[in-house]
């Protein structure tokens, strides 16, 4: 009898835990962030222009904004600039169920201080403490149930269905939207 009561208690607790809120047979494909970026954008970002190595740390030119406002005749520099703000997506991800790790950038919270709207980004500090990643490396989420966020440095696993839809916010632009089914701490 105690064993059955313990199992019922565990099931009741699981039904209120966000990760278990959606019990479905959906298979989620675990992906890496670079899978969301076209190969041409990735190649451009992995091969930064020589110009950048000549920019002095802390100078007026040492910002993405200054860099993107400058006009360059060098094709490599222009391609790098384009990749920094690319909204090009991988169309095959539309409607796909994925699992991806990431950090939360809160955009809105409810009265209970749960985060109901946020970006998922590939590294800590993106959008808040440093320039945002390219839009095709930012995922927008609207999550009515709310996510309890105790530490911005804590990564999560997110599972859900991708919707290719660009969302803009003062903190950045997301080229993807994720309809979150489940989440859990990344450990």
Along principal axes, largest first, the alpha-carbon spread of the range 39-84 in whole Å comes out as 31, 18, 15
Tell me, how many Å apart are the Cα centres for the range 157-187 and for the range 92-121? 4
Taking the Cβ-Cβ separation of residue 35 and residue 113 as r and a Förster radius of 41 Å, what is the calculated FRET efficiency to the nearest 0.05? 0.80
Normalised by the residues of the range 39-84, what does the relative contact order come to in percent, with Cα pairs under 8 Å and at least six apart? 56
Specify whether the C-alpha gyration tensor of the range 52-154 places it in the rounded, prolate or oblate class, a ≥ b ≥ c being the square roots of the eigenvalues: rounded for a/c under 1.5, otherwise prolate if a/b is larger than b/c and oblate if not. oblate
Residue separation between residue 96 and residue 65 times 0.36 nm, minus their alpha-carbon distance, gives in nm 7.8 nm
Potential extension, residue 87-residue 145 segment - 0.36 nm per residue separation minus Cα distance: 18.1 nm
For 121, 55, ascending order of other Cβ atoms within 10 Å (fewest first) is 55, 121
Pop a pseudo-label 7 angstrom from the Cα along the beta-carbon direction at both residue 168 and residue 53 and give the gap in nm to one decimal. 3.6
Starting from 0.36 nm per residue, how many nanometres of slack lie between residue 187 and residue 152 once their C-alpha separation is accounted for? 11.1 nm
Quick check: from the Cα gyration tensor, does the range 118-187 come out rounded (a/c under 1.5), prolate or oblate? oblate
Arrange the following residues from fewest to most other Cβ atoms within 10 Å of their Cβ: 149, 52. 52, 149
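Only the coordinates and a few stated rules stand behind these numbers; no lab work does. No experiment lies behind these values; they were computed from the predicted model shown. Note that each Cβ is placed from the backbone with ideal geometry, even for glycine, and that neighbours are counted across all protein chains shown.
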